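For reference, the structure discussed in these notes is given below.
The values are calculated or read from the model by the stated rules, or taken from the named source; none is laboratory data. Only a predicted model underlies this, so the values are computations on that prediction, with no experimental measurement involved. With ideal geometry, Cβ positions are generated from the backbone for all residues, glycine too; neighbour counts draw on all protein chains shown. Surface accessibility is based on the protein's heavy atoms, side chains included, excluding ligands, DNA and RNA. Shrake-Rupley method; radii C 1.70, N 1.55, O 1.52, S 1.80 Å.
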Amino acid sequence: MNKRLFVQITLGLGLMMTTPMMAQAQDALARVKAAGVLKVGTETAFAPFDFIDAAGDHAGFNVDAFAEVGKELGVTIKWVELPWDGVLPALEAGQFNMVAGPATITKARLERYRFLSPVAEATVAILRRAKDDAIKKPEDIAGKTVGAGKATAQLAQLKTFAATLPRPVEAREYPAFNEAYADLAAGRIAAVANSLPNIAFVASKQPGTFAVVLPPFGQKSYFGYIGTKKPDDQPLLDAVQAALVKIKADGRMKKMQEKWFGTAFDTPDVAPEPSF
Amino acid sequence: MTPRLFELMLKAAGTTVVISVASIGIGLLIGILVCAARLSPRPWLRWPAGLFVSFFRGVPLLVQLLLIYNLLPAIGLTVPSVVAALIGLSLCTAAYQAENLRGGFTSVPRGLLEAADMVGLSPWQQFRRIRAPIALRLTVPALVNEAILILKASSLISVVGVIELTRTAQNLAASTYEPLLFYAVAGGLYLAINWLVAAGGSLAERALRRGRLA
């Protein structure tokens with residue numbers, strides 16, 4: 001009797017695992033088009049790309065950009081919001097079709113993910129308190145505590161830069177950049193390291209509290225949207241890539257960049273080989 | 001805080017309540033089965049039930065949620081955020097509720113059951129008239145306790161993409177730069193919800209004492 005039960009359970013589990021594989025005869029693009037929905041994973045604590053605005057609505061560059069991508073593909077966008085350190089694992093698990101973020105295009109990430117056409121520059125700079133005159137150039141963070149988001153490329157850039165300074169920098173890791181900004185305003189840390197578009201936006205919203213330290217210290221890098229390298233996902237990612245290139249070519253991208261970053265970036269159509 | 005933002009907080013509190021209450025209910029059903037299996041004289045029922053309890057009580061809820069959300073798709077079961085949250089909370093609370101119930105059933109005085117045997121009550125009559133009512137009375141305070149714990153632990157489900165009360169407070173605190181206000185409101189809402197749960201528990205206890213229920 002127990003043997004029969006074992007056989008039944010094994011058969012049942014086997015069936016469960018093979019059914020979805022049979023259902024994947026179509027590729028991801030065909031499935032997204034059939035469903036009419038593109039599922040995009042993101043984190044809403046990354047203004048001005050992705051955040052909840054003061055009226056409580058999901059807003060930012062990502063929302064506008066994916067609305068255009070959705071128009072090009074003829075699908076609606078469904079957002080899945082996770083803490084950033086959970087977004088890429090969930091992408092690999094197949095919880096959504098692609099990731100907005102965006103993420104800094106780095107060598108390590110390129111080995112594992114496919115980056116689409118860059119949407120903004122990501123070079124890292126320092127944000128300080130407006131009244132704190134001790135930090136005049138990036139090197140002045142030596143010996144101080146600087147915050148950045150956990151599992152971010154900006155944190156890695158901060159650590160690399162800190163290693164070149166005469167005195168050690170304590171890099172404090174936060175679940176999201178918003179918490180780092182709050183700690184900076186409260187005086188718990190001396191500075192926050194994040195990409196220029198992000199901190200320029202934060203400083204412009206609260207000029208009495210924050211100021212940007214120029215020039216950026218990190219190596220030149222770009223932000224891009226992310227997909228997997230699974231063969232099944234490639235036709236879909238090709239379609240999104242084509243949509244992004246079209247949006248850039250007809251000037252819509254420039255308008256969105258000016259709206260959210262206060263300036264337009266010259267971003268290549270294809271992600272260039274990153275330097276780190 | 002504008003009325004619209006307060007409405008968003010209330011809606012998020014609704015999400016917290018619906019998912020928590022559903023999980024506690026599903027968890028109670030599973031917990032009853034697991035408890036029955038643990039008290040069974042058959043080892044092939046007792047063993048898996050014991051394993052279930054030690055796993056879901058021994059692994060942090062946060063890890064369970066991440067496993068369900070990220071690992072189940074690997075065997076072809078892609079569960080949406082809300083379902084992952086429901087599975088995680090339900091299985092976790094089921095393990096605790098099974099143990100609470102088991103505590104209730106094993107606390108029924110042996111003498112009562114021996115007396116029941118003497119007067120010739122059948123095992124079902126003994127369960128219905130003696131064991132279940134006593135176990136239920138002993139378990140209700142622990143059940144209320146567990147419900148409150150799950151309501152608070154539900155703040156973890158934002159890691160699988162469910163935007164509940166805590167996550168909404170975080171989002172709005174960040175966008176309005178008023179963390180104190182939104183965390184205070186979130187705390188107040190949790191307190192109000194849990195006060196209602198505790199009050200409901202007291203009512204149930206009183207009704208049980210007077211013999212109106214079970």
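Remarks
One line per residue, one yes/no per condition, for (1) basic (Lys, Arg); (2) away from chain B (no Cβ under 14 Å); (3) under 17 Å from the mean Cα position of the chain (by Cα); (4) under 17 Å from A:Asn97 (Cα atoms):
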| site | (1), (2), (3), (4) |
| --- | --- |
| A:Ala28 | no, no, no, yes |
| A:Lys33 | yes, yes, no, yes |
| A:Phe51 | no, no, yes, no |
| A:Ala54 | no, no, no, no |
| A:Val69 | no, yes, yes, yes |
| A:Leu73 | no, yes, no, yes |
| A:Thr76 | no, yes, no, yes |
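- Condition met for A:Gly187 (farther than 23 Å from A:Thr263 by Cβ, assigned to a loop (DSSP other than H, G, I, E, B) and either in contact with a Lys or Arg (Cβ under 8 Å, 6 or more places away or on another chain) or within 14 Å of another protein chain (Cβ to nearest Cβ) (or both)): yes
- Within the option set A:Val32, A:Val63, A:Val37, being surrounded by fewer than 19 Cβ atoms within 10 Å (Cβ to Cβ) and β-branched (Val, Ile, Thr) holds for one residue only, A:Val37.
- Only one of the listed residues (B:Leu172, B:Leu196, B:Leu180, B:Leu213) is over 30 Å from A:Asp85 (Cβ atoms) and modelled with pLDDT under 95. That residue is B:Leu213.
- Search result, residues across the stretch A:207-232 that are in contact with a Gly (Cβ under 9 Å, 6 or more places away or on another chain) and either among the aliphatic types (A, V, I, L, M) or not in a strand (DSSP E or B) (or both): A:Ile226, A:Thr228, A:Lys230
- Restricting attention to the stretch A:26-80 and to residues that are touching a strand residue (DSSP E or B) at 6+ places or on another chain (Cβ under 6 Å) and of a type in the set (Asp, Glu), the residue that is farthest from B:Tyr177 (Cα to Cα) turns out to be A:Asp50.
- Top-ranked residue of the stretch B:147-194 - restricted to ones that are of a type in the set (Gly, Ala, Ser) and under 18 Å from A:Glu43 (Cβ atoms), ranked as farthest from the chain's Cα centre (by Cα): B:Ser175
- Qualifying position, being open to solvent by 50 Å² or more (accessible area, probe 1.4 Å), within 12 Å of chain B (Cβ to nearest Cβ) and among the acidic types (Asp, Glu), among A:Glu170, A:Glu179: A:Glu179
- Any hit, the stretch A:46-68, residues being assigned to a loop (DSSP other than H, G, I, E, B), aliphatic (A, V, I, L, M) and closer than 20 Å to A:Ala264 by Cβ: yes
- Candidate set: the stretch B:54-86, residues that are away from chain A (no Cβ under 14 Å) and more than 20 Å from B:Ala22 (Cβ to Cβ); chosen: the one most open to solvent (accessible area, probe 1.4 Å): B:Arg57
- Residues considered: A:Lys259, A:Lys205, A:Lys255. Of these, the only one that is more than 19 Å from A:Thr44 (Cβ to Cβ) and surrounded by fewer than 22 Cβ atoms within 10 Å (Cβ to Cβ) is A:Lys255.
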